[in-house]
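Peer 1: Here it is: the structure, laid out below.
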Amino acid sequence: MFFQQTSRTPMCSPISPVFAELYMQYFESQVVQDHPKIDLYRRFVDDSFCIINDDATLDLQKEFNQFNKHIQFTYEEEENGQISFLDVTLIRDEENQLWRKVFRKATHTGRYLNYSSYHHPSHKISVIDALLYRAFIISDPEYLEEEIQHVRTHLLSNNFPNTLIQSRIQRLRSRRGDAMKTINHASFYHTWVPLLIT
C-alpha cells in the first residue's frame, strides 16, 4: 500500500514554505490589496496584523475565509487596551496613543543558558546581549527600564553575575545613545485605530 498526496504541499519539504509564501502573496493581491475596510495590513509568515473599523471584523474574517476553504483565519481583538503581534505588545493609552513593549507568552519560564554551564563565554554574553537588544529595539522609552529590570531579574536567576549584566547594559546604552542622537523624538506621533489580528 502506498500513500499518494493529491493536494497541498508536503510537511517538512524544503519547497513547502516557498509555495506557502507565494500563495499568501497571491491571496493578499486578490483579497487584501486596496481593500476599502483595511487601513493597514502586515504579515510575517502566518501571523497577520490588520487595522480596520470595529464593525468590519466579522465581515472581513468571513471574506478571508471564503477565499480558500483550506486556509481559515481567526482573530484576536485588544484586551484592556493591549494586543500582541510577534514579540511586541501594543498598548493603547487613554489618549489613544500606541506604545510598545516586549511580549512574552504566558508559558514563559525565564530559563536561559545558565551561567554556571560549560558553554563558551561568548555564548553566555550573547544571551545577555540578545535579551537586551530586544528590549532596546522593541520597548518605547516608557517601558524600557521595566524591561531591562525584567531581563536582569531573569539573568540573575540563571546565575549571571550582576557586574557582567550591568557592563553589557552600559555598552548597549552607549551604542544606542550614539545612534539615537540623530533621531528627533518630537517627530514621532503615536495614534490608535481599532486592531484585528487574523
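Just so it is clear, none of the values below were taken in a lab; they were calculated from the coordinates. No experiment lies behind these values; they were computed from the predicted model shown. Note: ideal-geometry Cβ built from the backbone for every residue, glycine included; neighbour counts use all protein chains shown.
Peer 1: Of the candidates Tyr118, Tyr75, Tyr26, which one comes out as most mobile in a Gaussian network treatment of the chain with C-alpha springs shorter than 10 Å?
Peer 2: Tyr118
Peer 1: Here's something else I'd like to know. Cα to Cα, under 20 Å, and not fewer than 8 places away if on the same chain: which aspartates and glutamates meet these conditions relative to Lys37?
Peer 2: Within the straight-line cut-off, Lys37 pairs with Glu28, Asp47, Asp54, Asp55, Asp59, Glu63, Glu76, Glu77, Glu78.
Peer 1: Moving to a separate point now. For a footprinting-style exposure proxy, rank His150, His123, His70 by other Cβ within 10 Å, fewest first.
Peer 2: On the way: His150 18, His123 10, His70 7.
Ranking His150, His123, His70 by Cβ neighbours within 10 Å, fewest first, gives His70, His123, His150.
Peer 1: Mean shadow of region 124-169, computed from the convex hull of its alpha carbons, in nm²?
Peer 2: Hull-based average projected area comes out at 2.8 nm².
Peer 1: Based on the Kirkwood radius over alpha-carbon pairs, what is the Stokes-Einstein translational diffusion coefficient of region 16-75 at 10 °C with 1.306 mPa s viscosity, in µm²/s?
Peer 2: 132 µm²/s
Peer 1: Once phi is turned into θ = phi - 60°, what whole-Hz ³J(HN,Hα) does the Karplus curve with 6.51, -1.76 and 1.60 give for every residue of region 75-81, x standing for Gly and Pro?
Peer 2: Going residue by residue, I get 9, 10, 10, 4, 10, 6, x Hz, with x marking Gly and Pro.
Peer 1: Here's a follow-up. So how do Glu78, Glu142, Glu147 line up by other beta-carbon neighbours within 10 Å, fewest first?
Peer 2: Ascending Cβ contact count within 10 Å gives the list Glu142, Glu78, Glu147.
Peer 1: Right, another one. According to the Kirkwood expression over distinct Cα-Cα pairs, how big is the hydrodynamic radius of region 88-187, in Å?
Peer 2: 14.9 Å
Peer 1: Read phi for every residue in region 148-159 and hand back ³J(HN,Hα) as whole Hz from Karplus 6.51 cos²θ - 1.76 cosθ + 1.60, θ = phi - 60°, with x for Gly and Pro.
Peer 2: Along region 148-159, the couplings run 4, 5, 4, 4, 4, 4, 5, 5, 4, 6, 9, 6 Hz.
Peer 1: Roughly how many nanometres apart are two label points built 7 Å out from the Cα toward the Cβ at Ser13 and Leu58?
Peer 2: Label at Ser13, label at Leu58, 3.9 nm between them.
Peer 1: With +1 assigned to the C-beta of every Lys and Arg and -1 to the C-beta of every Asp and Glu, and no other charges, what is the dipole magnitude of the chain about the Cα centre in debye, to the nearest 20?
Peer 2: Once rounded to the nearest 20, the dipole reads 1240 debye.
Peer 1: Okay, moving on. Between the DSSP loop rule and a limit of at most 12 other Cβ atoms within 10 Å, which trypsin sites (Lys or Arg not before Pro) in region 1-88 are left?
Peer 2: Those that pass, being in a loop and sparsely packed, are Arg8, Lys69.
Peer 1: Can you give me the long-range amide H partners of Ser84? Hydrogens built in the peptide plane at 1.01 Å from N, cutoff under 5 Å, separation of 5 or more residues or another chain.
Peer 2: Counting only residues 5 or more places away or on other chains, the set is Leu90.
Peer 1: Could you derive backbone 3J(HN,Hα) for region 115-132 from the dihedral phi with the Karplus parameters 6.51, -1.76 and 1.60 (θ = phi - 60°), listing whole Hz in sequence and x where the residue is Gly or Pro?
Peer 2: My calculation for region 115-132 gives 5, 7, 6, 8, 6, 4, x, 5, 5, 5, 5, 5, 5, 4, 4, 5, 5, 5 Hz in order.
Peer 1: Which values, in whole Å and largest first, are the semi-axes of the equivalent ellipsoid of the chain obtained as the square root of 5 times each eigenvalue of the Cα gyration tensor?
Peer 2: For the chain, the semi-axes come out at 37, 26, 15 Å.
Peer 1: How many nm is it between the label spots at Phe27 and Lys69, if each spot is 7 Å from the Cα in line with the beta carbon?
Peer 2: 1.6 nm
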